[in-house]
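Report on one structure; see the data block that follows.
The values are calculated or read from the model by the stated rules, or taken from the named source; none is laboratory data. Computed from a prediction, not measured in an experiment: that's the story for all the values here. In this analysis, Cβ positions are derived from the backbone assuming ideal geometry, glycine residues included, and neighbour counts consider all displayed protein chains. Side chains are part of the model used for accessible areas, which takes the heavy atoms of the whole protein and leaves out ligands, DNA and RNA. Shrake-Rupley method; radii C 1.70, N 1.55, O 1.52, S 1.80 Å.
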Amino acid sequence: MSQFSPRVFSGIKPSGDLTLGNYLGAIKRFVPLQKTHACIYCVVDLHAITVWQDPKDLKQATYEVAAAYLAAGVDPAQHIIFNQSQVLQHAELGWIFNCVARMGWMQRMTQFKDKAGKNAQNVSLGLFAYPSLMAADILLYKATHVPVGEDQKQHLELTRDIAQKFNNDFASSIRSNGFDENYFPMPEPVIAGPATRVLSLRDGAKKMSKSDASSMATIYMLDDGDAIAKKIKKAKSDPEPLPGEVDGLEGRLEAANLVGIYAALSDTSPQDVLDQFGGQGFGAFKPALAEVAVAQLAPIAEEMRRYLAQPDEIERILAEGAERASQIASETMKEVRDIVGFVS
Ligand code: AMP
Ligand code: TRP
């Protein structure tokens, strides 16, 4: 038995409009974990400003992520929803982890390499250090499970490396302060289900993302039914009928993506979808997919709009969540300060 009680932490950046990728890869999967785990869902605004955010847009996007958590069914009474910047210990532990993590580890992060591109000398220092702040988010709460999309796997591996190095570097201080030698847990990514990497609707080589220049490539959580149906109708596919078996989707990126989206939306598996649609072409499959997508997403969008019309209510929920998160965070930081040797 691990000394750590099961606790979930995850976060989404308030940086642009939420997409179907955010919903299927993360938010939808936050909800059932509430039955078995204590859950903390964060709007990671400190992460958002690693690239320029207009302050007005940052505020609105913060409300939007919080509204999405609530509309999807996260319960702020039983669990915790808050925005990161209200709990100061994230930045504090992030700094300590900047001094634990190694330059070489950060240089290997593929998301940094993709985001910085040829511009690596001109991006913010924060963008480079971002994964150690992410490790701080998770370990501040000694979280054991982290539901995320596939693109975050490498950041979770780094989180474990940081936890391990901290436990090793400070082993004797951890012991002399009376803590278990495994001071920080090794958090597990929870990457599961048929839509851990939702692809762009226009280009099966790219992931669906908030920052895609083409709005036809991306279904947004706040899209109305007509927009969703139109984007699915125009989505890139291929001329072949759907296969009867999952193996038959190999090499058919766009087809596999649309089948995965259908399966995730309807809580089935890609094989179930092919049992139903194998042998049929996209002329038949796309309208069925649009119907499922609108049926699932429209009520959530409506509920998000209801919350967005009451920003005071969202602020109240975030402040209350921040207060509860702070209690856990300040306990951890009191221990960490002693372990590191800060006089307090
Ligand atoms: P971000 O928008 O980068 O803050 O991502 C928030 C969460 O959504 C993370 O868990 C991501 O892995 C997940 N996510 C973002 N885009 C996708 C996608 N296209 N497919 C699956 N998950 C995604
Ligand atoms: N890095 C994550 C992303 O881009 C967001 C994030 C920040 C996160 N801190 C986290 C996710 C902690 C899970 C746990 O999607």
*Percent of accessible area on the chain owned by carbon and sulfur, 1.4 Å probe?*
52 percent
*Using +1 on the beta carbon of Lys and Arg, -1 on that of Asp and Glu, and nothing else charged, what's the dipole of the chain about the Cα centre, debye to 20?*
700 debye
_Compute for the range 98-190: radius of gyration divided by Kirkwood radius, i.e. Rg/Rh, restricted to C-alpha atoms, rounded to two decimals._
1.02
*Residue-span extension gain [A192 to D312] - 0.36 nm each, minus C-alpha spacing*: 39.7 nm
_Quick check: residue separation of V51 and E323 times 0.36 nm, minus the Cα distance between them. What number comes out in nm?_
95.2 nm
_Using Stokes-Einstein with the Kirkwood hydrodynamic radius over Cα pairs, what translational diffusion coefficient do you get for the range 224-306 at 10 °C and a viscosity of 1.306 mPa s, in µm²/s rounded to a whole number?_
121 µm²/s
*Karplus-derived 3J(HN,Hα), 6.51/-1.76/1.60, for each residue of the range 29-38, Hz, glycine and proline x*: 8, 5, 5, x, 5, 5, 6, 10, 10, 6
*Work out how much length K206 to T110 would gain on full extension: take 0.36 nm times their residue separation and subtract the Cα-Cα distance, in nm to one decimal.*
33.1 nm
*Membrane-span-like helices in the chain: DSSP H runs reaching 30 Å or more (Cα, own axis), mean Kyte hydropathy at least 0.5?*
none
*Return a whole-number percent for the relative contact order of the chain, with Cα pairs under 8 Å and 6 or more residues apart as the contact set.*
23 percent
*Separation in nanometres of the label points that stand 7 Å from Cα toward Cβ, at K165 and C99*: 1.4 nm
*Take the Cα atoms of the chain, find their three principal axes, and give me the spread along each one in whole Å, biggest first.*
68, 46, 43
*Please find the FRET efficiency linking S330 to S176, where r is the Cβ-Cβ separation and R0 is fixed at 30 Å, and quote it to the nearest 0.05.*
0.85
*May I ask you to list the lysines whose Cα is less than 28 Å away from that of K165, ignoring any residue fewer than eight positions away on the same chain?*
K13, K113, K115, K142, K153, K334
*Approximate spin-label separation L88-A227, in nm, with each point projected 7 Å along Cα-to-Cβ*: 3.9 nm
*asked:* How much accessible area per residue does the chain have, counting only protein heavy atoms and a probe of 1.4 Å, in square angstrom?
replied: 47 Å²
*Along the charge dipole of the range 169-276, Cβ charges K/R +1 and D/E -1, which of G260, S214, S237 sits furthest on the positive end?*
S214
*Label-to-label distance, nm, for residues given as A298 and S215 (7 Å Cα→Cβ offset)*: 2.0 nm
*Once every DSSP H run of n ≥ 4 in the chain is given -39500 (n - 2.57) and the sum is divided by its residues, what mean residue ellipticity at 222 nm do you get, rounded to the nearest 500 deg cm²/dmol?*
-16000 deg cm²/dmol
_Shape category assigned to the range 258-344 from the gyration tensor of Cα positions, a/c cut at 1.5_ = oblate
